[in-house]
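The block underneath contains the structure these notes are about, expressed in structure tokens.
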Amino acid sequence: MAGHIVATGAGRALMERRTDPYHEFVLGLTRKERPRVLFLPTATGDDPAYIVSFYETYTADRCDPFHLRLFTRTVTDLRAFVLSMDLITVGGGNTANMLDVWRRQGLDVILREAWENGAVLTGGSAGALCWFQGGTTDSFGLPYQVLADGLGFLEGSVCPHYDGEDSRRPVYRDALHSGALPGGYGIDDLVGIYFHGTEFVGAFSSSPAASALRVDVVDGMIAETRLPVQLLGSGSSAGGRAPST
């Protein structure tokens, strides 16, 4: 049973938008009346304030929320715990360090199993980049660099913060042009791109000004193709129904 992946441009900033329709959308994808939701704050070193922010957004009246610390881990059976979740949301932060910790503890393998069993995986910034083959990152400080060893659940690459960090876009375009990264997606902070299994379904946002682009190299030149972005909050996509394409 194929699961879902929803990748957004922003991580923490979107988490702190408590009433953003994105949260209801990903909860709805689980098709559960009371989904079990897991937050992975690994990319910020399990920052307590980020964990609090998660519980303030994914409140107990809409789901059963949990978090998983890996730097001070108390969960013994990691596989059983993660596989019991319907929705797994990954916070922003340092993508490279997060992936190293996940791989050291075997969480990368468990996340793939959860997804293949039908779980919804989501997140922004680092929580978006991790699902692809690679993308642009500030994990090593500035200037932005290429990270080419993502989990690879989804083919291609992604550049989050496409509208929020001006110097990230040219680094991404140069990486595609040189072949350091495969073609992929540029997504603004408030945009989500939604995949059912590995199939791209569509892009959505709560902001009418936000955009998402497919970015490829065509005949030696960078080609950016604007994707239709469906507005959440007042349309039929709210409540977990897939955006129309």
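The values are calculated or read from the model by the stated rules, or taken from the named source; none is laboratory data. All figures in this text were calculated on a predicted structure; none of them were measured in a lab. Every residue, glycine among them, receives a Cβ derived from its backbone with ideal geometry; neighbour counts consider all protein chains shown. With ligands, DNA and RNA removed, areas are computed over all heavy atoms of the protein, side chains included. Shrake-Rupley method; radii C 1.70, N 1.55, O 1.52, S 1.80 Å.
What the table below lists for this structure:
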quantity	calculated
Members of segment 74-102 found to be within 15 Å of the chain's Cα centre (by Cα), open to solvent by less than 10 Å² (accessible area, probe 1.4 Å) and of a type in the set (A, V, I, L, M, F, W, C), listed by number	L87, I88, V90, M98, L99
Segment 203-212, residues that are open to solvent by 10 Å² or more (accessible area, probe 1.4 Å) and of a type in the set (A, V, I, L, M)	A209, A210
Of residues in segment 167-179 being of a type outside the set (A, V, I, L, M, F, W, C) and outside any loop (DSSP other than H, G, I, E, B), the one surrounded by the fewest Cβ atoms within 10 Å (Cβ to Cβ)	S178
Pick from segment 180-202, criterion among the hydrophobic types (A, V, I, L, M, F, W, C) and assigned to a loop (DSSP other than H, G, I, E, B), ranking: least open to solvent (accessible area, probe 1.4 Å)	L181
Close pairs (8 angstrom Cβ cut-off, 6 or more residues apart or separate chains): on the phi < 0 side of the Ramachandran plot in segment 1-15, surrounded by fewer than 24 Cβ atoms within 10 Å (Cβ to Cβ) and modelled with pLDDT under 90 anywhere	G9/D163; G9/G164; A10/G164
Residues satisfying the stated conditions in segment 48-66, i.e. open to solvent by 40 Å² or more (accessible area, probe 1.4 Å) and of a type outside the set (G, A, S)	P48, V52, Y55, E56, T59, D61, R62, D64, F66
Residue under evaluation T76, criteria (1) in contact with a Pro (Cβ under 9 Å, 6 or more places away or on another chain); (2) over 22 Å from T8 (Cα atoms), criterion not met	(1)
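The rows are residues; the columns are (1) of a type in the set (F, W, Y); (2) in contact with a Pro (Cβ under 6 Å, 6 or more places away or on another chain); (3) farther than 22 Å from L107 by Cα.
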residue: L14; (1), (2), (3): no, no, yes
residue: P21; (1), (2), (3): no, no, yes
residue: A43; (1), (2), (3): no, no, no
residue: S53; (1), (2), (3): no, no, yes
residue: E56; (1), (2), (3): no, no, yes
residue: C63; (1), (2), (3): no, yes, yes
